[in-house]
Every structure is written in structure tokens, then in C-alpha cells.
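Worksheet: the structure to be examined is printed underneath.
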Amino acid sequence: MLAVAVLAAGKGTRMKSALPKVLQPLAGATLVERVLASAGNLLPERRILIVGHQAARVEQRLSHIDGLEFVVQEPQNGTGHAVQQLLPPLQDFAGELLVLNGDVPLLRADTIDQLVASHRSSGADVTLLTARLEDPTGYGRVFADAEGQVSAIVEHRDCSEEQRCNNLTNAGIYCFNWRKLAAVLPALSSDNDQGELYLTDTVEMLERAMHLEVNDCDEVNGINNRRQLAQCEALLQQRLREHWMDQGVTFIDPSSCTVSETCQFGTDVVIEPQTHLRGTCQIGDNCRLGPGSFLENAVLETGVTVVHSVINSARVGSNTTVGPFAHLRPAAVIGDDCRIGNFVEVKKSSIANGSKVNHLSYIGDAELGIKVNVGAGTITANYDGVNKHRTVIGDGSKTGANSVLVAPITLGKGVTVAAGSTLTKNVADGALAIGRAKQTSKENWSGAKP
Ligand code: UD1
Ligand code: CA
């Protein structure tokens, strides 16, 4: 039997943020979601989140996670006090309790699996993860013998100068024998620099405490401030890019690009410099993104090219090119073999296969058929100040430069719109629509001789 408890009640004072620390985002997921995911392989019997500071907000943010229990710690009097809150809900529980600090987001699931396996095979009362850090400043120091038996953990601020030279640090990840821990928890004292109850003090009170040193020190990075947040983001981004490189994605200048955890890429995708993908993007084979593009929740089929453009919650069909300087907004659905060119904005519109909107257009709340050619500067005037209206343009129609289509309006198939027209009425299939003042020329106006 295994229970997992994540400590997430602290304010995160050192972050200087209105957002609770455990809700800070890292590559598209919050710290606490990452911590929960690191214990995901184990299929624990119980999963408990200890909340306190802005408890309701944290609970609400995580309410989508099935079977997660919330236990409130009020006030927040240290990590030992946080775990004391488990005494009532785990009264009848017998088994291991895995305790994870809510601010250690880079742990790999394999590492947690190893910790639990090592704990089970040694039969210790507690096994904790440690790392030898080049710069252990701020972390608790772990005092252990050559066999891996731990005698004490001393917080950085409580250490003597000499103790600070020990660079074996506590990662804040522990596998306890719950019954043994429960027996000593009530006896914790707050005799330390912060006047708090420290979970780390239980190792001295338990008979057999062991530690397991991680191979990759980056995994145990704890986040207490924004510098550490930025360092973890950089490490995570590197991990993600390397993962996708191994899957057949080329990054021309990797460190200038960021991707989120929930992006998916096909093979032979090329990501040019300064390109960023957020949310759940799905990028098909042979797409070429960037330089200088920003995609969020974008779905691109195969062979799509995007240059210096922004795509947000939109879909793009195969072999379509987007940009430079295009903006596809939510619910834009572009077909195959289309061309969305310079300074074109598309919102909540479908554009069918083979259509072109090449220059300086706004297409909003519209439905364009196949092989429509939208002339430079064509605007769908979709908004009357109160409501949005639809524009429909049939297959094979062409709009001249600088046309304004005042919605609601339907242009049939094979329509031609004369340049400079402002249209307010529907146009039948095959018609030429001209909606502009007739040109008059005044002869000899300037007095200039021909
Ligand atoms: C803690 C450890 C330290 C370890 C480090 C690893 C203790 C006393 N110290 O220090 O040995 O090296 O983590 O990153 O445990 N929390 C609560 N309730 C509280 C206080 C904290 O739930 O009353 C939660 C916080 O939200 C956070 C976690 O516990 O997720 C750790 O708290 P934090 O204050 O960051 O501890 P550190 O000083 O980093
Ligand atoms: Ca911390």
C-alpha cells in the first residue's frame, strides 16, 4: 500500500508573487502538477495534497485530477506540521507514505520508482533522496555514513560554518514507513531558526533512515525564487527539445526556441530560431516553423510553412503557407494548399482548399470556398458595433483590391468583385459586382498643357 502526499501549503514568500508558489507555471504545467506527475508510475492507493495558503485557489486549479484528496494545513507551521495534518486522514492506513515537496518539479518518474524500490528492499523507516550539489546554499544538509545511513538533516540556516561545507543535500522527497512516522510526528519541536516544525527532524527520531543519491543533480532543483524558476525552465526546455530532436525534429538554434510539454511533433519538422510553441500544439510531418513565430494550441497538418507569424487556437491544412506577418486567431480553419500572406488576420473563419489571402486583409466570421482569391486589402466588415455577422464567399470567386464586404453578405460561386467596392448586398453566381463611385475626370483642370 502506498500513499503519496505533496506539500503545497506554503506561501512561497521568496517568489514575491500573488500566485501561490506551487501554481507557478513551468513549460506549460504548474509546479504541483509536475510533482504529482513524477509519482504517476506508482499508482498509489491515496493521493493527498496538503494545501493552506490560498487553499481554495490551489484546489480549484487541480480539481480536474481524479481522486486527489485535499487536506488543509492552517496555519502553515513548517513541513513537519504539514505532515502532521495527515494523522487523522491516514489513521487506518498502513504502508508507505511518499512525501514530495510541491516545489521540486524536475524529478523523473524513474527516480521516484527507484526511491520506493530501494526503501522497500532495505526495510528502513525512511529513505530520502539526496544530491551532492556544487552549490548547496539554501538546502538542508544530510549527514550520513558510508553505508547510506542518515543520522541528521540540518537546515542551511541552522548549520554551523563547518556543517555548511557538507554538500550532500536533502531533495525534500521521502519514502516513510507511515506507522513509524506517525508514532514520532507528534513529538516534533520547533527549536530551530524559523521556529517551525521540520519534517527533516524525524530522521533523527526514527531508527533507520537511509538515503539514495540521485545521478542527475538537476532533478532535485527546488524552486524558492524566480531565479530558480528560470533555471528550471531552461533545464526543462532543454530536456523537451532534446526529446523531440531524438524523435526527428530539427532545431536550427535550439536555445532560442521554447516548447510546452503538451506539444506533439511529426518527423522532419524544422523549427527555425526564435519560435515558441505553447499549449497543446500538434505539428505534422515536414512542417517548417519560423523564424520568429508564436503558436499556441495550433494544429498544423503536413508540410505547412509558417514564417514570422502568430497562430492561436487555429488549424492549418497540408502544404499551406502562412506569413510572413500573418495572424491566425481562434477558430480559424485553413484548408490545404492555401496561402495566407503578409499582414493578414483571420478569425473564426474557414478557408477551403487552394484559396489565397495574400496581402493586408481581415477575414472574420467568414466562410470561403475553394480556390477563392482574396485581393489585397479586402476586409470583411463583420461587426456593426453590437453583433458579429457572417460573410460567405463561394468557390472560385475573386475580390478586387480594397474591397469591403459588409456582413451579413453572401457572394456566390465564381463572383468577381471590382477593386475598391463596398458591397452590402448578396451577389449571384458568376456575377461581376461593382460598388464604387463612378470615376469622373475634369478635363484641363490643372491648366497644364498636354
Ligand atoms: C525544504 C527542506 C530542506 C530541503 C529543501 C529541498 C524542511 C524543513 N526543509 O526546505 O531540507 O533541502 O526543502 O527543496 O523540510 N510547505 C507546507 N507547509 C508549510 C511549509 C512548507 O506545505 O508549513 C510546503 C511548501 O509549499 C513547499 C514545501 O513544503 O512546497 C517545502 O517548503 P519550503 O519552505 O520551500 O522548504 P525549504 O526551505 O526549501
Ligand atoms: Ca523549497
What's the local net charge at N166, with K and R +1, D and E -1, over the other residues with C-beta under 15 Å away?
-4
Taking all protein chains together and a probe of 1.4 Å, list R47, R61 from the most accessible to the least accessible.
R61, R47
Which far-off residues, 5 or more places away or on another chain, put their amide H under 5 Å from the one on Q264, with H placed in the peptide plane?
C281, Q282, I283
As I understand it, the value is the acute angle between the Cα axis of helix 226-246 and the longest principal axis of the Cα atoms of the chain; what does it come to in degrees, rounded to 10?
70
For T440, solvent-accessible area (1.4 Å; no DNA, RNA or ligand), Å²
110
How large is the translational diffusion coefficient of segment 249-433 in µm² per second when you combine the Kirkwood radius over alpha carbon pairs with Stokes-Einstein at 25 °C and 0.890 mPa s?
150
Using alpha-carbon positions, what is the distance between the centroids of segment 419-448 and segment 117-144, in Å?
81
Note down the net charge around K356, summing +1 for each Lys or Arg and -1 for each Asp or Glu among other residues with Cβ under 12 Å from its Cβ.
+2
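To the nearest whole percent, what portion of all C-alpha pairs in segment 204-325 is separated by more than 21 angstrom?
Considering segment 204-325, 43 percent of its Cα-Cα pairs are separated by more than 21 Å.
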Connecting every pair of Cα atoms under 10 Å apart in the chain and solving the GNM, the largest mean-square fluctuation among G377, G385, G412 falls on G385
Long-range HN-HN contacts of D395 with modeled amide H, under 5 Å
G369, I370, G414
Would you pull out the residues with amide H under 5 Å of V316's amide H, same chain only if 5 or more places away, H placed 1.01 Å from N?
V299, L300, E301, I334
Report Rg(Cα)/(2.2 N^0.38 Å) for segment 130-283, keeping two decimals.
1.38
Toy charge model, Lys and Arg Cβ at +1, Asp and Glu Cβ at -1: the chain dipole around Cα centroid in debye, rounded to 20, equals 3060
Per residue of segment 67-76, in order, report the coupling 6.51 cos²θ - 1.76 cosθ + 1.60 (Karplus, θ = phi - 60°) as ³J(HN,Hα) in whole Hz, putting x for Gly and Pro.
x, 7, 9, 10, 10, 8, 10, 9, x, 9
Over all pairs of different Cα atoms in segment 41-152, the reciprocal of the mean inverse distance gives a Kirkwood radius in Å of 16.4
With the dipole of segment 249-433 worked out from charges on the C-beta (+1 for Lys and Arg, -1 for Asp and Glu) around the Cα centre, which of I311, L295, L423 lies farthest toward the positive end?
L423
Please get the size of the charge dipole for segment 178-291, origin at its Cα centre, with Cβ charges of +1 on Lys and Arg and -1 on Asp and Glu, quoted in debye to the nearest 20.
320
Please report the accessible area of D66 (heavy atoms, 1.4 Å probe, ligands and nucleic acids excluded) in Å², nearest 10.
130
Compute, for segment 249-433, the length of the dipole vector about the Cα centre, with Cβ point charges of +1 (Lys, Arg) and -1 (Asp, Glu) only. Units Debye, rounded to 20.
580
Charge dipole (the chain, unit charges on Cβ, about Cα centre) - positive-most of N177, V270, H243:
V270
Helix 109-122 axis, angle to the chain major axis (alpha carbon atoms, nearest 10°):
20
Using a Cα-Cα cut-off of under 28 Å, which lysines could be cross-linked to K413, ignoring same-chain neighbours fewer than 8 residues away?
K347, K348, K356, K371, K388, K398, K425, K438
Among bridges DSSP assigns within segment 2-226, what percent are antiparallel (round to 5)?
45
Report, to two decimal places, the Cα Rg of the chain normalised by 2.2 N^0.38 Å (N = number of residues).
1.36
Local electrostatic count at D66 - Lys and Arg +1, Asp and Glu -1, tallied over other residues with Cβ under 13 Å
+1
Phi-derived 3J(HN,Hα) across segment 364-379 with the Karplus relation (6.51, -1.76, 1.60, θ = phi - 60°), rounded Hz, x for Gly and Pro, is x, 6, 10, 10, 9, x, 7, 6, 7, 10, 9, x, 3, x, 6, 10
Return the sequence-ordered ³J(HN,Hα) values of segment 211-216 in whole Hz as given by the Karplus equation 6.51 cos²θ - 1.76 cosθ + 1.60 applied to θ = phi - 60°, using x for Gly and Pro.
10, 10, 8, 7, 7, 10
Straight-line reach from K21: which lysines have Cα under 25 Å away, leaving out those fewer than 8 places along the same chain?
K11
In a Debye calculation with equal point scatterers on the alpha-carbon sites of segment 2-226 and no solvent, what is log10 I(q)/I(0) at q = 0.07, 0.09, 0.10, 0.18 Å⁻¹?
-0.19, -0.32, -0.40, -1.51
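The values are calculated or read from the model by the stated rules, or taken from the named source; none is laboratory data. Because the structure is predicted, anything quoted here is derived from the model rather than measured. Glycine also receives a Cβ, built like all others from the backbone with ideal geometry; neighbour counts cover every protein chain displayed. SASA here: full protein model, heavy atoms, side chains in, ligands and nucleic acids out. Shrake-Rupley method; radii C 1.70, N 1.55, O 1.52, S 1.80 Å.
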